[in-house]
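S.K.: Structure incoming, see below.
The values are calculated or read from the model by the stated rules, or taken from the named source; none is laboratory data. Quick caveat: nothing in here was measured; it's all calculated off a predicted structure. So basically every Cβ, Gly included, is an ideal-geometry build from the backbone, and we count neighbours across all protein chains shown. Ligands, DNA and RNA are excluded from the accessible area calculation, which covers all protein heavy atoms including side chains. Shrake-Rupley method; radii C 1.70, N 1.55, O 1.52, S 1.80 Å.
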Amino acid sequence: MKIFDTLRRWAEEDSLVQDAAYRRNTEVLGVAAWGMLGLNLLHVAVFMLLPFDDPVRSTWAHQVAAAHGVMALLMFCTGLMCRRIHANPASASRFRLLPELASAVIMGWAIVLTVMDQAVSSSINAYINAAVGISIVFLLRPKSALAIFLLSLCALAWALNLTTNDPAHLVTTRMNAISATALALLVSILLWRRFVQSELLQRALAATNQKLEQQKTELEALATQDSLTGLFNRREFHRQAEFEVARARRQGSALSLLMLDLDQFKSINDQFGHATGDDVLRHIAHLMDRTVRQTDILARYGGEEFVLLLPDTPDAEAHHLAERLRQKLATTPAPSLGAPVTASIGLAFRAGASVLKLEELLQHADQAMYKAKRQGGNNVVMAEIAASAHDPSQML
């Protein structure tokens, strides 16, 4: 039972790597075809130029030259076909059996050469070279290799019977052929199994790497994003905002900060439940994300509070954006409520020569936001920052 289970598992694995084996075989065949073409033409030249006074040997040499000439033509056509497959992969499905067909043709050609050689010697080197060469060069599924090599062996054994009446000579050549076939089949199966294991291992490693990359991306998202709204979280906002404040200080550019708090959000949670409250937060985050600019840094700061950093933005422009954002929220109903949710917005501004730090900007924006709430909400209040905070010279 274990043997059958192993064979069944091997068959399943073989089917998984057929496409990869086919691509590899066509690539190798495309190279081998031109190499064999050169060898065939060399054999044609050598055997055509060999001088033999013996008519038998002369006929043998011309037959061998003709056989190599035919194979040279076949290899030329095969090389062009492989080049076509590589140039147009969509047509590859029509040539799925090309490696097996090429192997069968080469084995048949080797049998013809072997039979020809019996006229001058008992050598079966042509058959041995072809069998071992195919087992090494091509990746053949075991059942394909078994069929090709066994049929070739049977054809050679039958053809050798036509070339000699010497039983000892016939037994020797047949046993040599059997040994060569068994060796070729063994090598073919071993190389195929090695390829299958390597291919499956590479796929497993690729899948593992992809999973690890996905997990890395998810962890990075968890470390930088708010899980509910998808906006930056507080930690990531501080990291990016510190960089922008430092850049503004170096370049002497303006920078504005908005802090936004939803009005009457606690009553929404109390009346409709936290699930509805979460939907409202996602709705607000979506509206804000669509309203702000790509260069702005938007984050959920905590609870129903959001914070927005506006690089290279003076106070007038920041106030205009804040008003546009407030109006957008006040006029767009939240789907889960059927009514809009308003917000109180505090605005803090840092001039180019300002000495204000990020923590101070946040504090000023927070104070302005709570002032907006005390004024009834749904409005924008600009923080009142002392002139000395914007102009270091006034601190002297």
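S.K.: From R193, R239, which residue is assigned to a helix (DSSP H, G or I) and open to solvent by 40 Å² or more (accessible area, probe 1.4 Å)?
M.R.: So the residue among R193, R239 that is assigned to a helix (DSSP H, G or I) and open to solvent by 40 Å² or more (accessible area, probe 1.4 Å) is R239.
S.K.: Conditions first: (1) open to solvent by 90 Å² or more (accessible area, probe 1.4 Å); (2) of a type outside the set (F, W, Y); (3) more than 23 Å from L139 (Cβ to Cβ). D54 passes all but one, so which condition is the exception?
M.R.: (1)
S.K.: Go over the candidates A67, A33 one by one and state the one that is at pLDDT 90 or above, open to solvent by less than 30 Å² (accessible area, probe 1.4 Å), touching a Leu at 6+ places or on another chain (Cβ under 6 Å) and part of a helix (DSSP H, G or I).
M.R.: Answer to the selection: A67.
Condition check ((1) aromatic (F, W, Y); (2) in contact with a Phe, Trp or Tyr (Cβ under 9 Å, 6 or more places away or on another chain); (3) open to solvent by less than 10 Å² (accessible area, probe 1.4 Å); (4) outside any helix (DSSP H, G or I)) across all residues:
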{"residue": "A299", "(1), (2), (3), (4)": "no, yes, yes, yes"}
{"residue": "L309", "(1), (2), (3), (4)": "no, yes, yes, yes"}
{"residue": "A318", "(1), (2), (3), (4)": "no, yes, yes, no"}
{"residue": "A322", "(1), (2), (3), (4)": "no, no, yes, no"}
{"residue": "Q327", "(1), (2), (3), (4)": "no, no, no, no"}
{"residue": "I345", "(1), (2), (3), (4)": "no, no, yes, yes"}
{"residue": "F349", "(1), (2), (3), (4)": "yes, no, no, yes"}
{"residue": "G352", "(1), (2), (3), (4)": "no, no, no, yes"}
{"residue": "V355", "(1), (2), (3), (4)": "no, no, no, yes"}
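S.K.: Please go through region 280-294 and pick out each residue that is in a helix (DSSP H, G or I) and either open to solvent by 70 Å² or more (accessible area, probe 1.4 Å) or of a type in the set (A, V, I, L, M, F, W, C) (or both).
M.R.: Those that are in a helix (DSSP H, G or I) and either open to solvent by 70 Å² or more (accessible area, probe 1.4 Å) or of a type in the set (A, V, I, L, M, F, W, C) (or both): V280, L281, R282, I284, A285, H286, L287, M288, D289, R290.
S.K.: Yes or no: region 376-390 includes at least one residue that is outside any helix (DSSP H, G or I), at pLDDT 90 or above, surrounded by 16 or more Cβ atoms within 10 Å (Cβ to Cβ) and of a type in the set (S, T, N, Q).
M.R.: Yes, because at least one residue in region 376-390 is outside any helix (DSSP H, G or I), at pLDDT 90 or above, surrounded by 16 or more Cβ atoms within 10 Å (Cβ to Cβ) and of a type in the set (S, T, N, Q).
S.K.: If only one of A126, A155, A145, A119 is farther than 26 Å from L101 by Cα and hydrophobic (A, V, I, L, M, F, W, C), which one is it?
M.R.: Exactly one of A126, A155, A145, A119 is farther than 26 Å from L101 by Cα and hydrophobic (A, V, I, L, M, F, W, C), namely A119.
S.K.: If you check every pair at least six apart or on different chains, which have Cβ atoms under 6 Å apart with a residue in region 305-331 that is at pLDDT below 95 first and a residue that is open to solvent by 10 Å² or more (accessible area, probe 1.4 Å) and of a type in the set (F, W, Y) second?
M.R.: The qualifying pairs are D315/F349.
S.K.: Here's another thing I want to ask about it. Being surrounded by 11 or more Cβ atoms within 10 Å (Cβ to Cβ) and in contact (Cβ under 8 Å) with a residue 12 or more places away in the chain is the filter here; which residues of region 212-234 pass it?
M.R.: T224, D226, L228, T229, G230, L231, F232, N233, R234, listed by residue number.
S.K.: Looking at G277, G252, G273, can you tell me which residue is at pLDDT 90 or above, surrounded by fewer than 19 Cβ atoms within 10 Å (Cβ to Cβ) and either touching an Asp or Glu at 6+ places or on another chain (Cβ under 7 Å) or among the small types (G, A, S) (or both)?
M.R.: G273
S.K.: I'd like the full set of residues that are surrounded by 14 or more Cβ atoms within 10 Å (Cβ to Cβ), closer than 18 Å to L140 by Cβ and of a type outside the set (A, V, I, L, M), limited to region 88-121.
M.R.: F95, P99, E100, S103, G108, W109
S.K.: Looking at T224, T217, which is the one that is at pLDDT below 90, under 21 Å from the mean Cα position of the chain (by Cα) and of a type in the set (S, T, Y)?
M.R.: One residue alone meets the criteria, T217.
S.K.: Mind telling me which of the residues N176, N209 ends up being out of contact with any helix residue (DSSP H, G or I) (no Cβ under 7 Å at 6 or more places or on another chain), modelled with pLDDT of 90 or more, of a type outside the set (V, I, T) and surrounded by 14 or more Cβ atoms within 10 Å (Cβ to Cβ)?
M.R.: Step by step, each of N176, N209 is checked, and only N176 is out of contact with any helix residue (DSSP H, G or I) (no Cβ under 7 Å at 6 or more places or on another chain), modelled with pLDDT of 90 or more, of a type outside the set (V, I, T) and surrounded by 14 or more Cβ atoms within 10 Å (Cβ to Cβ).
S.K.: Could you tell me whether any residue of region 82-100 is out of contact with any Leu (no Cβ under 8 Å at 6 or more places or on another chain), assigned to a helix (DSSP H, G or I), free of Cβ contacts under 8 Å to residues at least 24 places away in the same chain and within 22 Å of V196 (Cβ to Cβ)?
M.R.: yes
S.K.: Specify which of the listed residues (I148, I136, I85) is closer than 22 Å to Y22 by Cβ, open to solvent by 60 Å² or more (accessible area, probe 1.4 Å), of a type in the set (V, I, T) and in contact with a helix residue (DSSP H, G or I) (Cβ under 9 Å, 6 or more places away or on another chain).
M.R.: Sole residue among the options that is closer than 22 Å to Y22 by Cβ, open to solvent by 60 Å² or more (accessible area, probe 1.4 Å), of a type in the set (V, I, T) and in contact with a helix residue (DSSP H, G or I) (Cβ under 9 Å, 6 or more places away or on another chain): I136.
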